[in-house]
Every structure is written in structure tokens, then in C-alpha cells.
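A.B. asks: Below you will find the structure I want to go over with you.
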2 protein chains.
Amino acid sequence: MKHDVVQLLTGRAIQPSAHRVAVAQYVLSTEDHPSAERVWESVKARFPMISRATVYNTLNLFVEKGLLRELHLSPDSVVFDPNTDPHHHLIDEETGSIHDISWDRVKVAAIANVDGYEIHDYQVVMRGTKK
Amino acid sequence: MKHDVVQLLTGRAIQPSAHRVAVAQYVLSTEDHPSAERVWESVKARFPMISRATVYNTLNLFVEKGLLRELHLSPDSVVFDPNTDPHHHLIDEETGSIHDISWDRVKVAAIANVDGYEIHDYQVVMRGTKK
DNA sequence: GTTCGTGCAAACGGTTTGCAACAAT
DNA sequence: ATTGTTGCAAACCGTTTGCACGAAC
């Protein structure tokens, strides 16, 4: 597992420092969509000396290198999504938690040729509550 | 026009103070999706004495009363949408500008019964560039 | 004279940045 | 020696808040 992460980093031209590996291990294996602050807390459990700045820099680097995606769904903070394949999102209106919805669970038609724009990317953002 | 705005405010139990009317006139008539800062700048042109805090408070009040919607599509700032009917959004990846896409321009199917959640609301968020 | 809107400035919170120290090669 | 990573603290910026003033009814 640690091995896989190192490969993932080097495969994207990211030097696999200890801190980066620790961040990657956490953020790539969680089902959550953690904020930077949350990543920091989790990684600190095993690397108490890691600084907030390093976590922020590392996450930004990962986004830049395509290992993670940033989501801007809430005003509170940016969250990170280890799932870089196309998919949709469901936001629990009570808890604020974000759930992935697989691409084929939702059918979207007639996206092309909107307003003379070329669409590079789209997703459905849903809000709801557990029933 | 000013008359309409006053009616809109009173109809939502908002006291139509001069500042609130000025904010409403601007934000309800623009095609843009302005940030609070942008609203402030625009309103200041005619009401130079209006304070930032008042603009923020006013916009939040309008959202609370259902006159506006907040959009959290960019990490930079919250923007406000005078169009409270269901519709989709297209974000210009170059300029960051946000465009409304009418509800029936996009067909979304099979939204119901996702993960035991009840969906209250959804929209398609697209990103692209002018071609 | 109580209620409500407003301005100001300070506080806040998430994020970025400058800089000095350090590690790796 | 050079290059790249890290920690710290300060800066930053959008937004909220406390408080005192002032207007309206």
C-alpha cells in the first residue's frame, strides 16, 4: 500500500517525501471528501510534526499534478476528492457530508452546444437528506 | 421599476430602506452573478455612503427571504443569483464568469432514489470555454 | 422610546506566502 | 553546491460581528 502510493507520486513527477506519502496515504484511501484542515488533523496523528502549510502545499501540488480534485461545493472550505474519474456529487443538507454518485447512475442528455461554449466537464450536484 | 422592487421587498417582509432598494435594484436586474464585493462597488456608484457591512447584511437577508440564491461555485467568493427558479450553470473556465442555463436545455434522468436519500434540489454544473 | 437599519472597525477563519533552516543528491 | 522540502509566523482576503449612533414609527 505504501508502495503503491510512492509509485503514484513518482508516476506524476512528485518527489515522494515522507510527508507527501503520509498525506497521499490518507487522502487517497478515504471515502470522505476532506478539507485541508481535516487532512492535517488526520496526518498529524501519525506525523505530529507536520505543519499546516506543508499540508496545504502538498494538497495543492497533488491537485496540480492531477492526483486529486478540488471541490468548491461549500463556502466553508475547499475539499479534496481522490476520485478523479467523472462522477456526480450528493450533498447531505443536514451534515454537509459529500457523497460520490457514480457516473452512470444519472443520465444527462443534450449538454452539447450550449451558448457557443465548448463544455470540457460537467457534473450533477444534488442536495438532499437521508430518508 | 423602483416601484416593483419595493413591492418585491415588502412582499417578502423586508423593510424597503433606501439602501436595500438600491441593492435590490442592482442585484435583481443584472444578468451577472455578482459577489458581495461587486455589488458593493456597483451600489456605491449611486450611494457612495453605503458600507460594506450593510451590503453583506442586505444580501444575506435577501437570501434568507428567498429573493436571491447563493452560489458556491468558486473558492474565491460567494456569488448571488437573482434567478431563483431551477436552472443550471455554466462556468467559463477562462474568465470565471457564470452563465445560467435554462432548465429544459439539459435533460437529467434517473435522479430519484439515490443512496436512500431524498433529493430536494439538483443542478448541472458545467465548465467550458468559448469556442 | 423602542425598534430597526447603518457605519465603522475589529475579529474571524481558511488559505497563501516569505523566509530561514534543512535534507537530499 | 544546488535543488527542493519543511516549519513558522505573518500576511491576506472575503466575510461576520459588536457596538454605538441615528432614523422611523
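The values are calculated or read from the model by the stated rules, or taken from the named source; none is laboratory data. None of the values given here were measured: they were computed from a predicted structure. Heads up, the Cβs are rebuilt from the backbone with ideal geometry, glycines too, and the neighbour counts pull from every protein chain shown. Quick note on the areas: whole protein, heavy atoms, side chains included, nothing else; ligands and nucleic acids left out. Shrake-Rupley method; radii C 1.70, N 1.55, O 1.52, S 1.80 Å.
A.B. asks: Averaged per residue, what accessible area in Å² does the protein assembly as shown show with a 1.4 Å probe, protein chains only?
C.D. replies: 54 Å²
A.B. asks: Also, I was wondering about something else. Nearest 20 debye, what's the magnitude of the dipole of segment A:87-128 about its Cα centre given +1 on Lys and Arg Cβ and -1 on Asp and Glu Cβ?
C.D. replies: For segment A:87-128, the charge dipole is close to 160 debye.
A.B. asks: In segment B:84-105, what residues drop by 40 Å² or more of accessible area when the other protein chains are put back, versus the chain on its own? Use 1.4 Å, and skip ligands and nucleic acids.
C.D. replies: The answer is B:L90, B:R105.
A.B. asks: Counting only GluC sites (Glu not before Pro) that are in a DSSP loop and have at most 11 other C-beta atoms within 10 Å, tell me the longest site-free stretch of chain A.
C.D. replies: A:32-93
A.B. asks: So, one more: Once you've got the GNM for chain B with C-alpha springs shorter than 10 Å, pick whichever of B:K65, B:K107, B:K44 has the biggest mean-square fluctuation.
C.D. replies: Highest fluctuation among the options: B:K107.
A.B. asks: In addition: With an 8 Å Cα cut-off and a minimum separation of 6 or more residues, compute the relative contact order for chain A in percent.
C.D. replies: About 19 percent, as a whole number.
A.B. asks: In the protein assembly as shown, what % of DSSP beta bridges are antiparallel (nearest 5)?
C.D. replies: Antiparallel: roughly 80 percent of the beta bridges in the protein assembly as shown.
A.B. asks: Given the -39500 (n - 2.57) contribution per DSSP H run of 4+ residues, what per-residue ellipticity at 222 nm results for chain A, rounded to the nearest 500 deg cm²/dmol?
C.D. replies: After summing the helix terms and dividing by the residues of chain A, the value is -11000 deg cm²/dmol.
A.B. asks: In whole Hz, with x marking every Gly and Pro, tabulate ³J(HN,Hα) for segment A:98-105 from phi via Karplus 6.51 cos²θ - 1.76 cosθ + 1.60, θ = phi - 60°.
C.D. replies: Calculated HN-Hα couplings, in order: 10, 10, 6, 10, 4, 4, 8, 6 Hz.
A.B. asks: Round to a whole number: what % of the accessible area of chain A belongs to carbon and sulfur, probe 1.4 Å?
C.D. replies: 48 percent
A.B. asks: Can you give the % of DSSP beta bridges in chain B that are antiparallel, to the nearest 5?
C.D. replies: Bridges in chain B are about 70 percent antiparallel.
A.B. asks: Rounded to whole Hz and in sequence order, give me ³J(HN,Hα) for segment A:50-67 from the Karplus expression 6.51 cos²θ - 1.76 cosθ + 1.60, θ = phi - 60°, writing x for Gly and Pro.
C.D. replies: 6, 9, 4, 4, 5, 5, 4, 4, 5, 5, 5, 4, 4, 5, 4, 8, x, 7
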